[in-house]
Each structure stands twice: as structure tokens, then as C-alpha cells.
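The values are calculated or read from the model by the stated rules, or taken from the named source; none is laboratory data. Quick caveat, the model's predicted, so the values are computed rather than measured. Ideal geometry is used to build each Cβ from the backbone, glycine not excepted, and the neighbour counts take in all protein chains shown. Remember, those area values only see protein heavy atoms, side chains included, never the ligands or the DNA or RNA. Shrake-Rupley method; radii C 1.70, N 1.55, O 1.52, S 1.80 Å.
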Amino acid sequence: MELSSIKDAFDRVAKKQKLSSSKSQEIVDQVGREIEQALATIQSPHDPLKPVDEKSIITELKFKLNAIGALQQLEGSHKELNISLTKYQKLPEKVLNPDISKAYRNVDFDTHIVNQIIASHFYHQGLFDIGDSIINEAGEPDATALRSQFLEMHQIIEAMRNKNLQPALTWVSANREKLVQIGSNLELKIHTLQFVEIVQNGTRADALKYARTYLTPFASLNKDEFQKLMGCLLYAGRLESSPYSELMSPVHWEMTTEELARQFCTLLGQSYESPLSVAVAAGVEGLPTLLKLANVMAAKKQEWQEMKQLPVPVELGKEFQFHSIFVCPVSRDQGSEENPPMLLPCLHVLCKQSIIKLSKNSTRTFKCPYCPTEATVAHCRQLYF
């Protein structure tokens, strides 16, 4: 979609509109000044022996207004603007293809999985009423398992937004071993938030007691952080005017809340970003390529519907690349567990099935397609990404 051309055309129309408005205002002001000047002449003090000739003043005013040609100038300015608007209205219709159904292909979807994905999306966003409605209407009781888990996550997040860390502390304590296994220091970050709140709003003794109870276990592995927290005890009740005022920044709460949501989803075996949101965003980005391909294949509708693999790559941004993918340069097949990438002695890489074909079912020496080096299947080693 040539969005840049639409933006350029819009900018031109906007510029034309500003010029037209400025021109119209200039003409109106000019007419107004002539009328005010004539009116002032009529109303000005004059010699009773020499009465004002109002008729001649009005005649002169009419002559000046005709010379200005306000109506003609306004019509010309608005005509140019209307022409630009008309052209712009046609451009989006030409550039943007509203019929995205052209890119649709007959694909067998598992209705139950689709319903569960949609319901999970709303649970993921905290829209439990909508998720429940979809579950009830679709008759998908299996999807309710995630409801209680996401409900707990959103209750914890809501509490954190209200500066209540107790539900978060309870959760990290219950999941301490799992969090340690994935290398998370979320528990320390939450205790740090609680400690800073006590330093600022409580007593120095309460803060020291909290540090000894909950922060000491982390001291040996986080010496710099621990020393900073101990240093801020000197400024209890006045952190905002201390060298440690940065600890009170709302950014720490926002980042810790987001990290908790990420870790919560990780322990659930769910992605932090809703799969439905990612799929829709990726589809929107790849849609222009698919529409162009559909137009090219318009005369071969049957072939388009039965195509197992797209003949052109659909380029997506890095945010949609979640893991490494190897595509065999010979067969153009994507690597898989059944057809993994194999490293040849010459350091070129092919998929296993391509190597088997080149070696005549593993019985012969074969030459690398990209260099003169010869090899056997036994010389090839599987690569792991």
C-alpha cells in the first residue's frame, strides 16, 4: 500500500486549503475595511452648510468593491480547492484496495481452537465479560481453564497499580523455584519497591527490619543494589530530596508490573503478547504482498486455492521473528525435525532430504551444489538452532 503517496497528496490538499482560507480571509478583510471607511466618512462630523453627499460615497464604495472582485476571487480560490479535494478522494480508492477478500484462500480451521484463541485473547486483555460471552455462545468449556489464571494475573496487576504489593509478593513466593529456574530476579524487584515505600512513608526501624527479613537473602548476589538500598536509609522520609530520589520514580513500578505480567505468562506457558493480536498484526503487514500475488494469480484461481507454499516471500518485521528458521537453498523447504539442516564438510548447509536425494538414498558420494567439495551422508552433521 503506497501510504506515502496518500500522505503526500493529503499534505498538498491541506496546504491548498490553508492558502484558500488565507485568501478568503484577506478578501473579506479588504471588503470590510472599505465598508468601514465609507461608514466612518458618512458618520464623521461635517459642516452644516456643506452636507455629506451620501449617494456619491456609496457610489464610490460600490466602485471600489467591484474593483476588488470579491466574488470572482472567492469562486476561483474555492474552485481550485474543490479540484484538489476531488482528485484526493479518488487516490485512496485507487491505492487502497478495500476488497481484501481477494487474498483469502480456503483453509481448514479447527473451529474449537479458533474459539479458544479468541476467548483467551480477551482473558489475556482482562476483558473477562467478553471472553465469558464467547465461551458460552460457542460452547467451549475447555477454554475456561485459562480464565482463572489470567484473572489472578490481572488482580495482582491492579493491586500493584494501587501501590498494593501483597498479592504480587504472595505470588512470587509461591513460584520462587520456577522463577529462579528461568533466571528471574522479580522477587527482589518487588521487595525493593516495598522497601522504598517503607523508607519514604514509614520509620527507619521498620525499613531496616524489612531489609533484614526479605532483602538479606539477595545481598550476596546483588551487592551494588543492596548498598544503594542501605544508603537510602539515611534519608528516610525525605527520599525525594536525596541522592536516591530516582528510586521513587514511577518507572520502577511500571517496569516491574510489566515484568510480572511477562513472567506470569511464561509460567503459564503463554506468550506475553496475545497470539491473536500478533497474528492480526502480521496479517496486516503481509496483506499488500498477498493482494498483489492474488491479482497476479487472478486467472489461475484453482491453482491459487490449492497452492501449498507461496511462490514469493512475505517480509515481516523483526518483531514477528520468534526463532531461527532454516530454508534449504536447494529444495526451498523449511527445516523441521523430520528434515533438519545438515552441515557438509565444506561448511555449506542443506536439508537432510536434499542430501539424501543428492547421494542417491545415501549410497553414493555427492558433490556440494555450491562448491567442488565431495562428501558422503556419514560426513554430514545435524545442526541445531
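Could you give the length gained on full extension between L85 and I6, defined as 0.36 nm per residue of separation minus the Cα-Cα distance, in nm? Intermediate values should be presented prior to the final figure.
Numbers: separation 79, 0.36 × 79 = 28.44 nm, distance 1.24 nm.
Between L85 and I6, full extension yields an extra 27.2 nm.
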- prompt: What residues qualify as long-range amide H neighbours of V327, i.e. H under 5 Å apart, gap of 5 or more or another chain, H built at 1.01 Å from N?
  reply: G335
message: If each residue of separation counts as 0.36 nm, what is the full-extension length gain between T111 and Q382 once their alpha-carbon separation is subtracted?
response: 93.8 nm
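Using only DSSP helix segments of four residues or longer, with each worth -39500 (n - 2.57), what per-residue ellipticity at 222 nm results for the chain after dividing by its residue count and rounding to 500?
Numbers: 16 runs with 229 residues, N = 385.
Calculated from helices alone, the mean residue ellipticity at 222 nm is -19500 deg cm²/dmol.
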query: In degrees from 0 to 90, rounded to the nearest 10, what is the angle of the helix 111-124 Cα long axis to the longest principal axis of the chain?
result: 70 degrees
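Probe of 1.4 angstrom, ligands and nucleic acids ignored: what's the accessible area per residue over the chain, in square angstrom? Walk me through the intermediate numbers first.
Numbers: 25920 Å² over 385 residues.
Per-residue value: 67 Å².
For a quick protection proxy, order the peptides 295-301, 158-164 by their average other-Cβ count within 10 Å, most packed first.
Values: 295-301: 11.3, 158-164: 12.9.
So the order, starting with the most tightly packed, is 158-164, 295-301.
Per the 1.4 Å probe, what fraction of the accessible area of the chain, in percent, lies on carbon and sulfur atoms?
Heavy-atom surface of the chain belonging to carbon and sulfur, 1.4 Å probe: 55 percent.
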- request: Can you bin the range 122-201 into rounded, prolate or oblate? Criterion: square roots of the alpha carbon gyration tensor eigenvalues sorted a ≥ b ≥ c, rounded for a/c under 1.5, prolate for a/b above b/c, oblate for the rest.
  value: oblate
field: Helix 186-201 axis, angle to the chain major axis (alpha carbon atoms, nearest 10°)
entry: 50 degrees
Förster radius 56 Å - calculated FRET efficiency between H78 and N162 (Cβ-Cβ, nearest 0.05): 0.50
field: Per-selection Kirkwood Rh - the range 182-253 (Cα, Å, 1 d.p.)
entry: 12.3 Å
field: Nearest-ten-degree value, helix 250-268 long axis tilted from longest Cα axis of the chain
entry: 50 degrees
- prompt: Which value in Å does the Kirkwood hydrodynamic radius of the range 299-360 take, with 1/r averaged over all unlike C-alpha pairs and then inverted?
  reply: 13.9 Å
Calculated SAXS-style log₁₀ I(q)/I(0) at q = 0.08, 0.09, 0.12 Å⁻¹ - the chain, Debye, Cα scatterers: -0.84, -0.93, -1.12
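Can you figure out the FRET efficiency of S271 with D29, using R₀ = 45 Å and their beta-carbon distance, to the nearest 0.05?
Calculated transfer efficiency: 0.15.
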field: Fully extended contour minus Cα-Cα distance, from N295 to E315, at 0.36 nm per residue
entry: 5.4 nm
